[in-house]
Every structure is written in C-alpha cells, then in structure tokens.
Amino acid sequence: MTTWFTADLHFGHESIIRHCHRPFAGVAEMDAVLAANWNARIQPDDDVWCLGDFCWRDVARYGARLSGRKHLVTGNHDGDGVRDWLGWASVQPYRELKLAGRRVVLFHYPIAEWNGFFRGAVHLYGHVHGSRPATSTSCDVGVDCWHYAPVSWQEIEGFLACQPAA
C-alpha cells in the first residue's frame with residue numbers, strides 16, 4: 001500500500017483550464033487526462049488524500065472511475081454534494097497523519113504554522129495552484145504542481161529535501 005496526495009483536480013470545471021493555464025482543449029480532455037493519470041499510479045489498496053476541490057459537481061461520476069481508497073480534506077469548492085458522496089473512505093476539514101515517523105498536517109489552504117511546526121512536521125496543502133513557494137516542510141500537492149497526477153509520500157519527501165529551510 002502506498003499513500004498518495006493530490007488537490008485541486010476540479011473535475012468538470014471548465015473555467016479552471018483558463019484560470020490555471022492548464023494545457024487542455026476542454027473539460028472532457030482535462031477530466032480524461034486527470035482520471036488516466038490517477039489510475040496509472042494508484043492501486044486498489046492505496047490511500048489517496050485529496051486536499052480539496054475535487055470536482056465541480058456530479059461527484060459519483062468522477063469518483064467511481066478512480067482507483068484506491070479516497071479520502072477528502074474539504075476545500076472551498078467541495079459543497080455538500082461532494083462531501084456526502086458515499087465513495088469517500090473519510091471526509092474532514094483537517095487531518096493529521098504519521099508517515100515515516102513524521103507528523104503530516106493536511107489542510108486545503110496553506111498555513112503559516114501548523115501543529116508540530118518546530119518539531120519537523122510537514123504541511124501539505126492545495127488551493128493556491130502552485131502560486132506559493134515550497135519549503136523544506138511544506139508544499140502544494142495540487143495537480144497543477146505535479147504533472148496533473150497524484151504524488152506519493154516518497155516523492156514528497158525527496159522534493160522537500162531539496163527545498164529551502166522553512
């Protein structure tokens with residue numbers, strides 16, 4: 001089992017293509033690429049943490065096509081219809097995990113300090129579509145930053161090791 005992270009997929013959201021300069025001709029192409037990239041990486045027994053803004057609407061249509069156990073940390077575009085989908089293994093506004101001996105703080109929004117900040121805890125977020133610089137203890141896991149695919153905890157650890165100190 002591998003633990004994966006992603007955010008800001010915005011399935012079905014046509015205007016996100018223009019807003020974030022995504023390289024897709026339309027929403028159908030974007031949705032197909034996002035789903036194919038997800039399923040190319042995620043196995044059925046993997047955990048995938050989506051840190052918000054999963055889809056514009058019709059969550060079952062998108063969620064049912066994707067592999068893995070899907071967890072949602074809610075974002076500003078995740079209304080009741082998205083939160084209430086029965087396909088989520090869990091739904092919460094904030095979550096803390098322990099991975100490879102480190103506290104990992106999951107929240108849709110980037111925050112300046114988090115629980116365990118001075119003890120090596122890592123903060124993963126979305127929402128900003130790559131507009132904030134990463135540090136040695138925090139990074140944006142949104143699809144706009146990771147080639148439109150989920151990113152593994154191992155990839156994140158390697159990436160953080162190359163970033164400037166927080």
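Computed from the coordinates by the stated procedures, all read-outs in this text should not be read as laboratory data. None of these values were measured; they are calculated from a predicted model. Neighbour counts are summed over all protein chains in view; Cβ atoms, including those assigned to glycine, are modelled from backbone coordinates with ideal geometry.
A few remarks follow.
- Those residues of region 74-110 which are of a type in the set (A, V, I, L, M) and either in contact (Cβ under 8 Å) with a residue 60 or more places away in the chain or in contact with a helix residue (DSSP H, G or I) (Cβ under 9 Å, 6 or more places away or on another chain) (or both), in sequence order: Val82, Leu86, Val91, Leu97, Leu99, Ala100, Val104, Val105, Leu106
- When every residue of region 134-146 is checked against the conditions, none turns out to be surrounded by fewer than 13 Cβ atoms within 10 Å (Cβ to Cβ) and either in contact with an Asp or Glu (Cβ under 7 Å, 6 or more places away or on another chain) or of a type outside the set (A, V, I, L, M) (or both).
- Matching residues, region 96-142, being under 16 Å from the mean Cα position of the chain (by Cα), farther than 16 Å from Thr74 by Cα and in a loop (DSSP other than H, G, I, E, B): Gly130, Ser131, Arg132, Ala134
- Within region 1-41, considering residues that are within 22 Å of Leu99 (Cβ to Cβ) and assigned to a loop (DSSP other than H, G, I, E, B), the one farthest from the chain's Cα centre (by Cα): Met1
- Within region 20-31, residues that are without any contact (Cβ under 8 Å) to a residue 12 or more places away in the chain reach partners that are surrounded by 10 or more Cβ atoms within 10 Å (Cβ to Cβ) with beta carbons closer than 7 Å, at six or more positions or on different chains, in the pairs Phe24/Ile17; Phe24/Met30; Phe24/Val33.
- Of note, Trp56 does not satisfy the criterion of being within 16 Å of the chain's Cα centre (by Cα) and more than 14 Å from His13 (Cα to Cα).
- Residue match in region 7-30 (condition: touching a strand residue (DSSP E or B) at 6+ places or on another chain (Cβ under 6 Å), buried (at least 21 other Cβ atoms within 10 Å of the Cβ) and closer than 29 Å to Ala166 by Cα): yes
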